[in-house]
């Protein structure tokens, strides 16, 4: 038993899921979930903004896995769990009328969230973004603040905090500038490829 | 993501939130977050909350999600403890067999009874053969045979009288009193009579009289004990006592006391447990008869030597002196005991008894 749990440290998510489906062993499920419980809990905190509520949600998502894993053929467990957890939080928010406003805000950003997490942005994947002409061309076309933040973050390897210090912008503003900048870059790159 | 990576990432989150990273590390982690929206969302959630509480929450969640594992362990513990309980109760049960409960232990009594019966029946089988052949003959002849047998018995008695003058006087007189006696010896004899009745009635009164009268006189007890030590002699005696009537003119008492010695077993009162219980019931006197209120229990132990002597009386759990003395008295005055037999040789052994004084 101890040998098994030692080995399972090195097993992939897929192996664990396979094992769980085969033997319906709650221990295996616990091992799998423990890899992501931090992320799920953090995610719940982000949306539910309440520790106790988030803990309950994290437990309920765990219980959900026991049945859902059998029902779905999961290719990438992490991104599946991400979407499942977010949907669960959405349902929780819906239950609470007082949080309706937040839910609306959340729904406004829905398209962004539903982006396939596995489909990474070009700028996050290539080794030397500076040397890519196409990318550089698009970055030049970005608005001034977005341009500056993307350059500082991707080319000068500055942390959010350093960028905040340098630009005098709020850290959340920096993050959203990066986010929007990346989206514009993507659109720009796709257009260039079409041409 | 493997298990190891998870813990590394958790540590990174902790350090990021607690601001223990270098700027380069911060940037690397933020790059990671750009690639991993799940991580980014989680960190965002954490950064708005109290970081000291978050990690206790996570530990708590880990415990709860890995709970099935603990449940399993619990089941094993439960199984182990149940097993332990069974084993210990078996051991306890075996230990209790050494303590011989006199009152309300019908099981042992039954066993003893069965043992006695089988012995009696066995020993009776030999004389049985004779009557069977007799029964097929006409009635007249039977009476003749019976007469002959009676004569034979009378002869036996006279033989006995000649040979054992010392016993002679006592051997015949208590014969009349016999049926009234309620001692352990008598009880056993009654059983013997019952089983023997089927075979041949005319046989019974005479050997029985000889047997019990001698036993009641108690004069041959010591002799019997001495003989018990020699198992070969003993077997001879048994054959004589129960098997062939003609040799009944030997010591009859031996036949009543000694059969038990052949079989390996614990020390037991001569005459069997049933008779002994009966003896206790009738003879046990509650000391303060003036105000008997409730059941009183006295536990005592004593040693039965290899020759059957009762010695080293000890009160294990007594009430007061009067009760304790009565408990010892009733054993001392009671029937003789057969020593414990192991591999056909008598052994010194400790007997524990529980005496209940009824109000």
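Where a number appears in this text, it was derived from the coordinates with a stated rule and is not lab data. If you're wondering where the values come from, they're calculated on a predicted model, not measured in any experiment. No Cβ is skipped: glycine too gets one built from the backbone with ideal geometry, and neighbour counts run over all protein chains shown.
Some observations on this one:
- Put a dot 7 Å past the Cα of residue A:121, heading toward its Cβ, do the same for residue A:171, and the two dots end up 1.9 nm apart.
- Exposure proxy ranking, count of Cβ atoms within 10 Å, fewest first, for A:150, B:356: B:356, A:150
- Extension gain (nm, one decimal) between residue A:133 and residue A:87, 0.36 nm per residue minus Cα-Cα: 12.7 nm
- A straight chain from residue B:48 to residue B:332 at 0.36 nm per residue would run longer than the Cα-Cα distance by 93.2 nm.
- Approximate spin-label separation residue B:345-residue A:22, in nm, with each point projected 7 Å along Cα-to-Cβ: 6.5 nm
- Nearest-0.05 FRET efficiency for residue A:73 and residue B:15, computed from C-beta distance (R0 51 Å): 0.90
- Inter-chain shielding of B:6-19 (mean C-beta neighbours from other protein chains, 10 Å cut-off): 2
- Each label point was placed 7 Å from the Cα along the Cα-to-Cβ direction; for residue B:321 and residue B:294 their separation is 2.4 nm.
- Label-zone membership for the stretch A:35-71, site residue B:59, 7 angstrom Cα→C-beta point, backbone N under 18 Å: A:35, A:37-39, A:41-42, A:52, A:55
- Going from the residue with the fewest nearby Cβ atoms within 10 Å to the one with the most, B:19, B:57, A:15 rank B:19, A:15, B:57.
- Least to most buried among B:296, B:282 (fewest other Cβ within 10 Å first): B:282, B:296
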